[in-house]
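What follows is one structure encoded as structure tokens, with my remarks underneath.
The values are calculated or read from the model by the stated rules, or taken from the named source; none is laboratory data. Since the model is a prediction, treat every value here as computed from it, not as a measurement. All Cβ positions, glycine included, derive from the backbone under ideal geometry; neighbour counts span all protein chains shown.
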Amino acid sequence: MIRVGFFLNFSDNWLGGLNYFKNLIRAVSMIPPGQKKIEPVIFLGRRTDPEIKSFFKKYSLTVESIIIDRWFMRRFSEFVFKATGRNWMIEFFLLKRFGVKVISHSGFLLDENTKIKNVNWLPDFQHIHLKEMFSGEEYEKRNRLFAETISKSDGVIVSSESAYGDLKRFMPQADLKKVSVLKFVPFLEKEIFDISNEEILKIRNKYGIGEKFFYLPNQFWKHKNHITVLKAVNELKKEKFKIEVACSGSLDDYRNSAYIAEIKSYIENNGLHDYVKLLGVIPYREVQILFKCSDAVINPSLFEGWSTTVEECKIMGKKCVLSDIEVHREQAPSGAHYFKPDDYLVLADILKGLASEKPSECVPHDELIAANESNLIKFALEYQKIILNLF
């Protein structure tokens, strides 16, 4: 059994990283005993939220360490690495002590002479496709980080064939033998398939959402392209056709602080308050409830590495309306409706048609749950294969 170490660090994308780790570790725990050849070890700080600790203790060996917990200890570890070229604090006090042979998704770049293998994940190449949305400094920083990660890692994971193609095109010097595609599969609790009408009504009343609505669960980052949806809604308003779109997600874009002001201004100037609800960040349970009871889920994004929104639609058997981008086609949800990312007129027609349809028959819950569990095991086995190929 090969022990694989994971570090729950507190990066800018902490919540997204946490959910990814939860899914991956839980999926690995579902591998049948006769096929399981890896054992996750979770390293986290002593002051980590007790609920997070409790979750990981159910599925893996969990190690609490002051090295991860305290700011000055992490900084000291980084200082030692820069001074000696070796991450002694991490490597000897944590990894070797607990028999870890591989670290995964950590972002650490270990000394090239260490016997511990290192697998890192690369996000999508959005910064190249949408260069205008990044400062020159951030653009160059990402290019350097990607190049260094590929050079100094034993294995590199990307989330889609689309991202793999971009890596070959934009980084021709990369050693492709190191690179693997691992397509993320979310885990949905069985309870989400049996939400009561009372709970649905409670959430709709909480946010003032009508019985029929579309759901857009993206963060309010400029590349998520909310504006095309607003234009489509406004077009339908001109036709006196009423629809409602509920939008959840962070109302902040660190790359473009004025973006949410533009969104709110468009809603105000076109009188769309009764058509569009901006909910901000809401609990994940409520996200799932809105997913389930909406007419359809919209993802208008200009660019995605691998859309969790689309994957959750597939698991729930949910209708979805998607921007016609390469990765959405790769994910291939059944019965999806596509529109060019800037074509709000086509989107308006799609939404009008879906709003006028009768509800479709639901796929039996047992089938959806069984399919989700089967796909999670395949996901975990593919990850395990990536780890085993290092040796």
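Residues that are assigned by TED's automatic domain parsing to the domain that holds residue 267 and farther than 26 Å from residue 27 by Cβ: find the helices (runs of 4 or more DSSP H) completely inside the stretch 136-255 holding 3 or more of those. I'd like the intermediate steps shown before the answer.
Numbers: elements: 136-152, 161-170, 197-207, 226-238.
Output list reads 197-207, 226-238.
Of all residues in the stretch 343-377, which are modelled with pLDDT of 95 or more and acidic (Asp, Glu)? Result: 343, 349.
Taking every residue in the stretch 338-352 that is charged (D, E, K, R) and pairing it with any residue that is surrounded by fewer than 17 Cβ atoms within 10 Å (Cβ to Cβ), at least 6 positions away or on another chain, the pairs with Cβ-Cβ distances below 7 Å are 340/324; 340/346; 352/241. Only one of 259, 275 is in contact with a helix residue (DSSP H, G or I) (Cβ under 7 Å, 6 or more places away or on another chain), farther than 25 Å from residue 368 by Cβ and without any contact (Cβ under 8 Å) to a residue 40 or more places away in the chain. Can you tell me which? Only one candidate passes the filter, namely 259.
One residue alone among 369, 386 is out of contact with any strand residue (DSSP E or B) (no Cβ under 9 Å at 6 or more places or on another chain) and either free of Cβ contacts under 8 Å to residues at least 12 places away in the same chain or closer than 25 Å to residue 19 by Cα (or both), and that residue is 369.
Given the residues 58, 82, which is the only one that is at pLDDT below 90, part of a helix (DSSP H, G or I) and basic (Lys, Arg)? Full working, then the answer.
Working: 58 fails: at pLDDT below 90.
After ruling out the rest, the residue left standing is 82.
Residue 124 passes every criterion in (1) of a type outside the set (Ser, Thr, Tyr); (2) modelled with pLDDT under 80; (3) more than 16 Å from residue 21 (Cα to Cα) apart from (2).
Restricting attention to the stretch 16-55, and to residues there that are in a helix (DSSP H, G or I) and of a type in the set (D, E, K, R), which single residue is nearest to the chain's Cα centre (by Cα)? Walk me through how you get there before you give the answer.
If we filter the stretch 16-55 for residues that are in a helix (DSSP H, G or I), which is where we start, we get 16-29, 50-55.
Checking the rest, the ones that are also of a type in the set (D, E, K, R) come to 22, 26, 51, 53.
Values: 22: 12, 26: 16, 51: 21, 53: 21 Å.
Looking at the filtered set, the residue picked out is 22.
Residue 2: surrounded by 14 or more Cβ atoms within 10 Å (Cβ to Cβ), modelled with pLDDT of 80 or more and either closer than 29 Å to residue 372 by Cβ or under 26 Å from the mean Cα position of the chain (by Cα) (or both), yes or no? In short, yes.
The residues in the stretch 126-160 that are in contact with a strand residue (DSSP E or B) (Cβ under 9 Å, 6 or more places away or on another chain), of a type outside the set (Val, Ile, Thr) and within 19 Å of residue 327 (Cα to Cα) can be counted, and the count is 2. Cβ separations smaller than 9 Å between residues 6+ apart or across chains give the following pairs from the stretch 313-335 residues that are on the phi > 0 side of the Ramachandran plot and surrounded by fewer than 17 Cβ atoms within 10 Å (Cβ to Cβ) to residues that are part of a strand (DSSP E or B) and of a type outside the set (A, V, I, L, M): 335/320.
Each row is one residue, and each column tells you yes or no for (1) buried (at least 21 other Cβ atoms within 10 Å of the Cβ); (2) within 18 Å of the chain's Cα centre (by Cα); (3) farther than 30 Å from residue 122 by Cβ.
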position	(1), (2), (3)
241	no, no, yes
253	no, yes, no
260	no, no, no
273	no, no, yes
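Return the only residue of 260, 267, 325, 227 being of a type in the set (Val, Ile, Thr) and modelled with pLDDT under 90.
Values: 267 fails: modelled with pLDDT under 90; 325 fails: modelled with pLDDT under 90; 227 fails: modelled with pLDDT under 90.
That would be 260, the only listed residue that is of a type in the set (Val, Ile, Thr) and modelled with pLDDT under 90.
Here residue 380 qualifies as assigned to a helix (DSSP H, G or I), within 30 Å of residue 179 (Cβ to Cβ), at pLDDT 95 or above and hydrophobic (A, V, I, L, M, F, W, C).
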